[in-house]
Amino acid sequence: MSDTNNDIVLEMKGIHKSFGKLEVLKGINMDVMRGEVVAVIGPSGGGKSTLLRCATTLETVEKGKIVIGGDVLCDDVNGRAVYCDKKLEKEIRSKFGLVFQNFNLFPHFSVRRNITEALIHVHKKSKEEANAICDELLSKMDLVAKADSYPCNLSGGQQQRVSIARALATNPEIIFFDEPTSALDPELTKGVLKVIKELAKEKMTMVIVTHEMSFARDVADKIVFMDGGVIVEEGPAYDLVTNPQQERTKAFLAGY
Amino acid sequence: MEMLKSTIIQLGQGFGYTFGIFFFTVVFSIPLGLLVARGRMSKLLVVSAIFRVYISILRGTPLMLQLLLVYFGPYYIFGVNLGSIQIGPFNYRFIATIIAFSLNYAAYFAEIFRGGIQSMAKGQYEAATVLGFSKMQTYFKIILPQVVKRVLPSVSNEIITLVKDTSLAQVLSVAEMFTNAKAAAAAQVSVVPFIVVGAFYYIMNLTVETILNRVEKSMSYYS
Ligand SMILES: Nc1ncnc2c1ncn2[C@@H]1O[C@H](COP(=O)(O)OP(=O)(O)OP(=O)(O)O)[C@@H](O)[C@H]1O
Ligand SMILES: [Mg+2]
């Protein structure tokens with residue numbers, strides 16, 4: 001682990017990403033400090049999910065630099081992103097967690113196994129250790145009674161809380177959320193947002209793509225407004241929501 | 001009554017071969033089918049083309065013809081005489097039968113497995129990737145168990161067909177049940193052996209079905 005910039009958990013610099021001819025990210029810069037909660041908002045198709053997917057190794061970028069927890073995932077060399085080797089990439093994957101919009105739990109595993117499988121088989125923890133971590137997370141997520149249930153028998157809100165527990169289990173330095181409540185009914189949304197709020201109180205570093213504007217305003221330290229593959233405006237959460245500077249931001253927020 | 005009893009005994013002796021063909025074909029064709037499915041899904045166009053042709057030919061020509069080709073091919077084409085080969089209790093007739101059946105059923109299984117693997121949501125791979133699972137772990141822990149559940153009904157269908165297809169081994173004069181039944185019917189000038197052999201196949205399939213249903217049920221704890 002590197003000691004320099006120890007308080008920057010995520011650094012993204014000059015990120016360019018295209019799908020074929022379609023340029024989806026057009027030079028994104030984003031720093032996330034330790035303990036900071038950043039909300040990413042913006043209209044559909046603006047590139048929010050793509051940005052998270054690039055940061056979480058699910059997509060590769062063409063240009064730019066990405067540093068997570070002090071490890072360089074990719075660096076810009078003569079205008080081209082050059083990626084680290086597989087070994088470091090694997091290590092970097094243990095430094096972040098990702099929570100998907102549609103949960104992506106493993107349906108054939110019990111709740112417990114969803115949470116412990118990576119602990120045991122990737123992080124080489126003993127079964128007892130893994131179970132202890134799992135029990136603690138389940139009580140935090142208010143899901144103790146569901147340890148032996150299967151995802152198909154849980155509500156959407158419960159499934160999303162399991163997936164948050166799964167992402168937290170490996171003790172990551174940062175967690176990314178891609179619209180964690182968009183697939184949920186309003187009353188199920190509350191439970192999930194409450195859990196994320198608690199994580200924010202514990203100073204968990206988080207990047208959250210969301211359409212829940214009041215949640216972003218209240219929980220995030222910083223809001224980033226993305227549109228058309230660029231960051232149009234960013235700033236302290238309360239200021240950006242109540243007093244946006246750019247026309248596009250104003251127009252977008254007027255819709256809420 | 002004596003006649004019926006001796007018929008049953010005679011067919012029972014053939015049952016060993018029938019069951020052997022069935023058993024070894026299942027054991028070999030399923031893993032082979034998985035490999036063929038992987039090859040068929042290869043990103044290398046040459047590889048996927050080769051496996052596509054393989055599947056197309058094996059599904060598009062009669063199994064009986066494939067049996068004959070595997071058995072006679074080495075000698076007729078290359079002049080290699082394998083007739084004296086013997087592995088344990090199995091002679092070349094039987095081995096050729098197993099090879100042909102396994103190659104043929106692997107083609108069918110490959111297409112079933114491919115459908116199952118391709119029906120898996122991308123999100124399962126992605127969730128596994130970000131959790132740090134290796135490609136192998138993802139395949140064997142996350143993907144394959146779910147694929148097995150999805151393809152089981154189609155696989156069951158093939159396995160039930162296989163029980164009946166074992167009778168095709170008669171073209172190589174393997175002494176399985178059907179060959180014996182034909183001989184008995186001719187000797188006795190009677191249809192009784194045919195009825196008895198039909199009962200054998202039916203009972204075998206009932207058993208196979210019961211087992212497969214159990215397996216299917218054991219995987220119904222999630223959806
Ligand atoms: N795998 C892909 N192949 C081709 N185009 C893609 C792919 N993924 C995303 N895109 C395109 O990239 C653009 C940005 O998509 P992205 O999903 O990042 O937007 P978003 O801001 O997350 O939108 P939403 O709010 O609807 O989730 C869209 O035009 C989308 O069609
Ligand atoms: Mg999105």
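The values are calculated or read from the model by the stated rules, or taken from the named source; none is laboratory data. In this text the structure is predicted, and so the values were computed from the model without any measurement. Here Cβ is always computed from backbone atoms with ideal geometry, including for glycine, and neighbour counts include all displayed protein chains. For the accessible areas, the whole protein counts, side chains as well, though only heavy atoms, and no ligand, DNA or RNA atoms are used. Shrake-Rupley method; radii C 1.70, N 1.55, O 1.52, S 1.80 Å.
Is it fair to say A:Glu11 is more than 16 Å from ligand 2 (Cβ to nearest atom), open to solvent by 20 Å² or more (accessible area, probe 1.4 Å), of a type outside the set (Gly, Ala, Ser) and modelled with pLDDT of 95 or more? Can you show your working first?
Values: more than 16 Å from ligand 2 (Cβ to nearest atom): yes; open to solvent by 20 Å² or more (accessible area, probe 1.4 Å): yes; of a type outside the set (Gly, Ala, Ser): yes; modelled with pLDDT of 95 or more: yes.
For A:Glu11, the condition - more than 16 Å from ligand 2 (Cβ to nearest atom), open to solvent by 20 Å² or more (accessible area, probe 1.4 Å), of a type outside the set (Gly, Ala, Ser) and modelled with pLDDT of 95 or more - is met.
Just for segment A:113-132: of the residues that are more than 14 Å from chain B (Cβ to nearest Cβ) and in contact with a helix residue (DSSP H, G or I) (Cβ under 9 Å, 6 or more places away or on another chain), which one is most open to solvent (accessible area, probe 1.4 Å)? Step through it out loud before you land on a result.
Taking segment A:113-132 first, the residues more than 14 Å from chain B (Cβ to nearest Cβ) are A:126-129, A:131-132.
Of the ones still in play, those that are also in contact with a helix residue (DSSP H, G or I) (Cβ under 9 Å, 6 or more places away or on another chain) are A:126-127, A:129, A:131.
Values: A:Ser126: 44, A:Lys127: 132, A:Glu129: 92, A:Asn131: 46 Å².
Looking at residues that are more than 14 Å from chain B (Cβ to nearest Cβ) and in contact with a helix residue (DSSP H, G or I) (Cβ under 9 Å, 6 or more places away or on another chain), I get A:Lys127.
Out of A:Glu234, A:Glu187, report the one residue that is more than 16 Å from ligand 2 (Cβ to nearest atom), part of a strand (DSSP E or B) and open to solvent by 20 Å² or more (accessible area, probe 1.4 Å). Break it down stepwise before answering.
Details: A:Glu187 fails: part of a strand (DSSP E or B).
Of A:Glu234, A:Glu187, the one residue that is more than 16 Å from ligand 2 (Cβ to nearest atom), part of a strand (DSSP E or B) and open to solvent by 20 Å² or more (accessible area, probe 1.4 Å) is A:Glu234.
Looking at B:Tyr92, is it open to solvent by less than 50 Å² (accessible area, probe 1.4 Å), out of contact with any helix residue (DSSP H, G or I) (no Cβ under 7 Å at 6 or more places or on another chain), more than 27 Å from B:Leu144 (Cα to Cα) and aromatic (Phe, Trp, Tyr)? Give the derivation first.
Values: open to solvent by less than 50 Å² (accessible area, probe 1.4 Å): yes; out of contact with any helix residue (DSSP H, G or I) (no Cβ under 7 Å at 6 or more places or on another chain): yes; more than 27 Å from B:Leu144 (Cα to Cα): yes; aromatic (Phe, Trp, Tyr): yes.
It is true that B:Tyr92 is open to solvent by less than 50 Å² (accessible area, probe 1.4 Å), out of contact with any helix residue (DSSP H, G or I) (no Cβ under 7 Å at 6 or more places or on another chain), more than 27 Å from B:Leu144 (Cα to Cα) and aromatic (Phe, Trp, Tyr).
Under 9 Å by Cβ, and 6 or more places apart or on different chains, what pairs join a residue from segment A:206-221 that is within 14 Å of another protein chain (Cβ to nearest Cβ) with one that is among the aromatic types (Phe, Trp, Tyr) and within 16 Å of ligand 1 (Cβ to nearest atom)?
Note: pairs meeting the criteria are A:Val207/A:Phe176; A:Val207/A:Phe177.
List the residue pairs whose Cβ atoms are under 6 Å apart, where the first residue sits in segment B:48-67 and is among the hydroxyl-bearing types (Ser, Thr, Tyr), the second is open to solvent by less than 60 Å² (accessible area, probe 1.4 Å) and assigned to a helix (DSSP H, G or I), and the two are 6 or more positions apart or on different chains.
Sorted first by the residue in segment B:48-67, then by its partner, the pairs are B:Ser48/B:Arg40.
Among the residues of segment A:44-79, which ones are more than 16 Å from ligand 2 (Cβ to nearest atom) and within 16 Å of A:Val209 (Cα to Cα)? Reasoning before the result, please.
Just the residues of segment A:44-79 that are more than 16 Å from ligand 2 (Cβ to nearest atom), to begin with: A:57, A:60-79.
Hits for segment A:44-79: nothing passes.
Give the residues of segment A:65-112 that are within 16 Å of ligand 1 (Cβ to nearest atom) and out of contact with any helix residue (DSSP H, G or I) (no Cβ under 7 Å at 6 or more places or on another chain), sorted by residue number.
A:Gln101
Only one of (1) closer than 30 Å to B:Tyr92 by Cβ; (2) without any contact (Cβ under 8 Å) to a residue 12 or more places away in the chain; (3) within 23 Å of the chain's Cα centre (by Cα); (4) open to solvent by 50 Å² or more (accessible area, probe 1.4 Å) fails for B:Ala186. Which number is that?
Checking B:Ala186 against (1) closer than 30 Å to B:Tyr92 by Cβ; (2) without any contact (Cβ under 8 Å) to a residue 12 or more places away in the chain; (3) within 23 Å of the chain's Cα centre (by Cα); (4) open to solvent by 50 Å² or more (accessible area, probe 1.4 Å), the one that fails is (3).
Output the residues belonging to segment A:218-237 that are closer than 16 Å to A:Ala251 by Cβ and more than 14 Å from ligand 1 (Cβ to nearest atom).
Answer for segment A:218-237, where residues must be closer than 16 Å to A:Ala251 by Cβ and more than 14 Å from ligand 1 (Cβ to nearest atom): A:Ile223, A:Glu233.
For segment B:124-159, how many residues are in a helix (DSSP H, G or I), hydrophobic (A, V, I, L, M, F, W, C) and either within 7 Å of another protein chain (Cβ to nearest Cβ) or open to solvent by 40 Å² or more (accessible area, probe 1.4 Å) (or both)? Explain how you work it out, then say what you get.
Of segment B:124-159, the ones in a helix (DSSP H, G or I) are B:124-130, B:135-159.
Next, only the ones that are hydrophobic (A, V, I, L, M, F, W, C) stay: B:127-128, B:130, B:136, B:140, B:142-144, B:147-148, B:151-152, B:155, B:159.
Checking the rest, the ones that are also either within 7 Å of another protein chain (Cβ to nearest Cβ) or open to solvent by 40 Å² or more (accessible area, probe 1.4 Å) (or both) come to B:127, B:130, B:136, B:140, B:142, B:148.
Selection size over segment B:124-159: 6.
Looking at (1) within 14 Å of chain A (Cβ to nearest Cβ); (2) open to solvent by 50 Å² or more (accessible area, probe 1.4 Å); (3) assigned to a helix (DSSP H, G or I), which is the only condition B:Ile203 fails?
(1)
Does B:Leu103 satisfy the criteria of being in contact (Cβ under 8 Å) with a residue 60 or more places away in the chain, more than 23 Å from B:Pro31 (Cα to Cα) and open to solvent by 30 Å² or more (accessible area, probe 1.4 Å)?
On the way: in contact (Cβ under 8 Å) with a residue 60 or more places away in the chain: yes; more than 23 Å from B:Pro31 (Cα to Cα): no; open to solvent by 30 Å² or more (accessible area, probe 1.4 Å): yes.
No: the conditions fail for B:Leu103.
Can you tell me which residue among A:Phe177, A:Phe225, A:Phe215 is in a helix (DSSP H, G or I) and either buried (at least 21 other Cβ atoms within 10 Å of the Cβ) or modelled with pLDDT under 95 (or both)? Before you say what the answer is, go through the steps one by one.
Numbers: A:Phe177 fails: in a helix (DSSP H, G or I); A:Phe225 fails: in a helix (DSSP H, G or I).
A:Phe215 is the lone residue from the list that is in a helix (DSSP H, G or I) and either buried (at least 21 other Cβ atoms within 10 Å of the Cβ) or modelled with pLDDT under 95 (or both).
Limited to segment A:33-64, what total is found for residues that are on the phi < 0 side of the Ramachandran plot, near ligand 1 (Cβ under 10 Å from one of its atoms) and away from chain B (no Cβ under 14 Å)?
Of the residues in segment A:33-64, 7 are on the phi < 0 side of the Ramachandran plot, near ligand 1 (Cβ under 10 Å from one of its atoms) and away from chain B (no Cβ under 14 Å).
Do we find that A:Gln101 is within 16 Å of ligand 2 (Cβ to nearest atom), open to solvent by 60 Å² or more (accessible area, probe 1.4 Å) and closer than 19 Å to B:Gln124 by Cα in this structure? Spell out the reasoning first.
Details: within 16 Å of ligand 2 (Cβ to nearest atom): yes; open to solvent by 60 Å² or more (accessible area, probe 1.4 Å): yes; closer than 19 Å to B:Gln124 by Cα: yes.
So A:Gln101 fits the description; yes.
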